[in-house]
Amino acid sequence: MAWARRLGVTVALFAPVACSWWRFDEIETDTPVVLLDAPARLSGGFGSVLAATTLGPRTQLLVGGGGPSAGAAVFDLSSRKAPTTDAVGTDYCDPQAPCWLSASPAGLPLGHSGAESPALCFAVGLGRASNDATGVVVRCEQRFSYALAVPPEVDSDVVQPALAGAAPPVSVMAADGAERPALLVALPEREQAWFYAPDSLEPVPLAAPAPEPSFGRAAAVLSDGSTRVFALAAPDAGRVHLFRGVDGGAEPLGCIAGPPGFGRALAAGPATGDGADDLAVATLDAVHVFDGAELFGLPAATDGECRIDAAAAPIVLGCRPGGHVGSCERANFGAAVALGDLDGDGDGEALVGAPQIEARGNAGAGAVFVFDLEGDAVDQPTDVEFVASDESSTFLGTSLLAARVENSAVVVAGMPGAGAAAVFYCSRLLSGQDRGLRCD
């Protein structure tokens, strides 16, 4: 077991299988886990919201609070040796600005405003940008922001009333991992969604085939390098609706049907290593991983029927108690999910948050389960990562992502009960020089 101490908080990683981590003296530098705390002007569940954007060797991480009015800050994670623990920007959907933070912002490496796009941007929410335009607010480096136009009825019925003092909107956003990605936006309370094709400023509507409560509560964008598949979950109905981008528009591909809660969290990313993104779908107690190549090959479906059943998922991941984590009964396993390549070998790993699990005797401390999706034991966690502080109810894993730093990804998990986000640099999957000083 590896330990580190920073600002009075003890940090630990636990590997339940194969190799163990042994305790050694407190570490002051090159810690295996780095905590990013809320800047003084931000609070209110800081760590509930995460997004990352990467351009070349640079990676920035957005960490936000709970609720549309909470605001967010950005940290620079570009270096594994010296990540910045102080925010490089604290005015992303600032609480004093007319912008309402999305429940899941999206990273846009080269923005989304055409050939002259600025760098290292985030689609942060709905509201008014610095150029006084309204819509989806995109905030970039150098305090530059602009707005993507939304469908006219969204501007008139949602954005303008919010600017006049009505309740702010709850929005959900997602983008693929390209430098110039497609951007997906949903308003689950209105059962409404749309997307922007790469470098397009025009919103393209995506509609459920029939009224679908909770449509768009979770979203993901899959890419195979040329085509995008948009996934929009309706977890109240246990369905994930799929659409394929074609010629500036979209065609429905039907849906995936599952048990109640199916689709409460979605993630797209590398799992099989075949060049196409795969799709992870969380239920109330498991995560199903679907082969993206199969989803890209689906024929258009005009009847809206679900042609895929959750039981057909080639990989199903579940909570595994033991070691320093407690019972899975109230773990909230699957509250957040991410897919990424932690060891840089081209095959992906699945990250699953269990924010209410007991860790090292602390109720509700939370943990992140890491599954290597290569080999014969994909349903066995490779690592279980947690912050072993003296406090309970920090809820690590409420939000989750795999952020690419240098040649591989690191695990980033929000812990809103502590007002922080944790960046885990070590994994049992890393070997040799890839481990670095933080893992020795």
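The values are calculated or read from the model by the stated rules, or taken from the named source; none is laboratory data. These numbers were taken from a predicted model, which means no experiment stands behind them. Note: ideal-geometry Cβ built from the backbone for every residue, glycine included; neighbour counts use all protein chains shown.
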Filtered residue count, the stretch 313-339, keeping only those that are closer than 14 Å to Phe386 by Cα and assigned to a strand (DSSP E or B): 2
Test for Ala103: is it touching an Asp or Glu at 6+ places or on another chain (Cβ under 9 Å) and among the aliphatic types (A, V, I, L, M): no
Some residue of the stretch 57-66 being of a type in the set (Val, Ile, Thr) and surrounded by fewer than 24 Cβ atoms within 10 Å (Cβ to Cβ): no
Hits in the stretch 188-218 - residues which are of a type in the set (Asp, Glu) and either more than 16 Å from Gly125 (Cβ to Cβ) or in contact (Cβ under 8 Å) with a residue 60 or more places away in the chain (or both): Glu191, Asp199, Glu202, Glu212
The stretch 25-41, residues that are modelled with pLDDT of 90 or more and in contact with a Pro (Cβ under 9 Å, 6 or more places away or on another chain): Val34, Leu36
Residue list for the stretch 322-338, filter: out of contact with any Phe, Trp or Tyr (no Cβ under 9 Å at 6 or more places or on another chain) and either buried (at least 24 other Cβ atoms within 10 Å of the Cβ) or free of Cβ contacts under 8 Å to residues at least 24 places away in the same chain (or both): Glu329, Ala331, Gly334, Ala336, Val337, Ala338
Odd one out for Arg228, checked against (1) under 24 Å from Leu201 (Cβ atoms); (2) surrounded by 24 or more Cβ atoms within 10 Å (Cβ to Cβ); (3) in contact with a Lys or Arg (Cβ under 6 Å, 6 or more places away or on another chain): (3)
Test: residue in the stretch 107-125 that is over 24 Å from the mean Cα position of the chain (by Cα) and not in a loop (DSSP other than H, G, I, E, B): no
Checklist (1) surrounded by fewer than 24 Cβ atoms within 10 Å (Cβ to Cβ); (2) assigned to a strand (DSSP E or B); (3) small (Gly, Ala, Ser) applied to Ala52, failing item: (1)
Every residue from the stretch 301-312 that is outside any loop (DSSP other than H, G, I, E, B) and exposed (fewer than 15 other Cβ atoms within 10 Å of the Cβ): Asp309, Ala311, Ala312
Members of the stretch 241-271 that are surrounded by fewer than 24 Cβ atoms within 10 Å (Cβ to Cβ), among the small types (Gly, Ala, Ser) and not in a loop (DSSP other than H, G, I, E, B): Gly245, Gly249, Ala250, Gly254, Ala257
Residue in the stretch 67-77 that is at pLDDT 55 or above, of a type in the set (D, E, K, R) and assigned to a strand (DSSP E or B) present: yes
Subset of the stretch 81-103 [crowded, with 21+ Cβ neighbours inside 10 Å and touching a residue at least 60 places away in the same chain (Cβ under 8 Å)]: Trp100, Ser102, Ala103
Among (1) at pLDDT 95 or above; (2) assigned to a loop (DSSP other than H, G, I, E, B); (3) crowded, with 24+ Cβ neighbours inside 10 Å - the single one Val150 does not satisfy: (3)
Selection from the stretch 158-179 of residues that are in a helix (DSSP H, G or I) and buried (at least 22 other Cβ atoms within 10 Å of the Cβ): Val158, Val159
The stretch 180-196, residues that are in a loop (DSSP other than H, G, I, E, B) and crowded, with 21+ Cβ neighbours inside 10 Å: Pro181, Ala182
Residue in the stretch 289-300 that is surrounded by fewer than 20 Cβ atoms within 10 Å (Cβ to Cβ), modelled with pLDDT under 95 and assigned to a strand (DSSP E or B) present: no
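So that you can scan it fast, the table gives a plain yes or no per residue for (1) more than 20 Å from the chain's Cα centre (by Cα); (2) at pLDDT 95 or above; (3) on the phi < 0 side of the Ramachandran plot:
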{"residue": "Pro235", "(1), (2), (3)": "no, yes, yes"}
{"residue": "Val246", "(1), (2), (3)": "yes, no, yes"}
{"residue": "Glu251", "(1), (2), (3)": "yes, yes, yes"}
{"residue": "Pro260", "(1), (2), (3)": "yes, no, yes"}
{"residue": "Ala267", "(1), (2), (3)": "no, yes, yes"}
